[in-house]
1. Sort 245-253, 46-54, 163-171 for me by packing, meaning the mean count of neighbouring Cβ atoms within 10 Å per residue, highest on top.
2. Please state the shape class of the stretch 1-147: rounded when a/c is under 1.5, otherwise prolate if a/b exceeds b/c and oblate if not, all from the C-alpha gyration tensor.
3. So what are the ³J(HN,Hα) numbers for the stretch 34-44, from phi and the Karplus equation (6.51, -1.76, 1.60; θ = phi - 60°), rounded to whole Hz, Gly and Pro as x?
4. Determine the relative contact order of the chain: mean sequence separation of Cα pairs under 8 Å and six or more apart, normalised by residue count, in whole percent.
5. 222 nm [θ] for the chain, helices only, -39500 (n - 2.57) per DSSP H run of 4+, per residue, to 500?
6. Based on the Cβ-Cβ distance of R88 and E21, what FRET efficiency does E = 1/(1 + (r/R0)^6) give at R0 = 30 Å, to the nearest 0.05?
7. Pairs of Cα atoms under 8 Å, at least six residues apart: use those to get the relative contact order of the stretch 1-146, whole percent.
8. Looking at the P(r) of the chain, how many percent of alpha-carbon pairs lie beyond 34 Å?
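What follows is calculated from the coordinates using simple rules that are stated; it is not laboratory data. Everything numeric in this text was worked out from a predicted model, so none of it was measured. A quick note on method: Cβ atoms are made from the backbone with ideal geometry, for glycine too, and the neighbour counts reach across all protein chains shown.
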Amino acid sequence: MDTDRQRYELEATGAERGLYEDVRRTFRAPFVNWIFRTLTANAPAFTRYLWGQVKPLFETRAFARLSVEYRDAVLSALEADDPIPTFRRPDTGLEPAEYRELRGQLATFDVVAPRLAVLFEAVDRALGGGALSPANSADAAVEYDATAPFPEWLDRDRGAEPTMVDEVPDSLAETADAIRAFHGFDDTLPSVYRCLAQWPGYLDPAWAALSPRFDSSAFDEAVARARDLVDLYVDDVPYRPRLTRADLRSAAFSERTVEEAASLFRTFDSGPVLTVLPALPVWAATVGEAGARSL
């Protein structure tokens, strides 16, 4: 799968445009994440099928609970000793409109973090042959939240569409190197950091303040707590996505398409991304944009 190919939202028409609108509505985010754009550009029919199978995982009250518990688990672990550093506009040297945009874009990353974590885990597990949804067995006890609808108010109308730099400013070279080293990336920067690189007056001091927190046992605990919550949620979903190899063969998808998709999701459900997603609520908290932490 060519990961340099993407179907951007402005280019999407017909069924692809409808799919993107549905992803945005379901994820409660004003943009479509890279993984959907890449899958759509490479394998549009597979992407439509995949989305139809996983969409119900994000539409229940149980997922709503998971999303706030995910955020709280991360922030509580890092707040145990000291409050998370915060940055008001005067601290950053940004103009009011710039600071407002920074806050809106960080709110978006805060919203999508638990959604991407569940997407990566569920699809990676299914395409890799792992068990999904033992709660779907005939004698399983399914609770109210597992089938009740997602609360309309939660994460509603939050965030702004992220924009990103193509090249990191020279003034941020040292900070960018430190970020890559911490998360374990070689040459690339995750989307959130290419977004924050638009505002060096914020990213430089914020990274200086947060990096000791990230490089600590408290953040290790936050990552482990978040991962455990996602695992437990995927274990107990009452809907079983039909994403086994047998299901996909029955749907006439080629082995090559399935293998490439499995490889892509394995990459996102392991390695550096495992520390990037839990960091997103922390960044949002530095500008007062972390969302609800309980229902």
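1. Answer by packing, highest mean first, reads 46-54, 245-253, 163-171.
2. oblate
3. Per-residue couplings from phi come out as 3, 5, 6, 5, 6, 4, 5, 5, 8, 8, x Hz.
4. Rounded, it is 35 percent for the chain.
5. Helix contribution divided over all residues of the chain: -19000 deg cm²/dmol.
6. The formula returns an efficiency of 0.25 here.
7. The normalised contact order for the stretch 1-146 reaches 25 percent.
8. Summing the P(r) of the chain above 34 Å gives 20 percent of all pairs.
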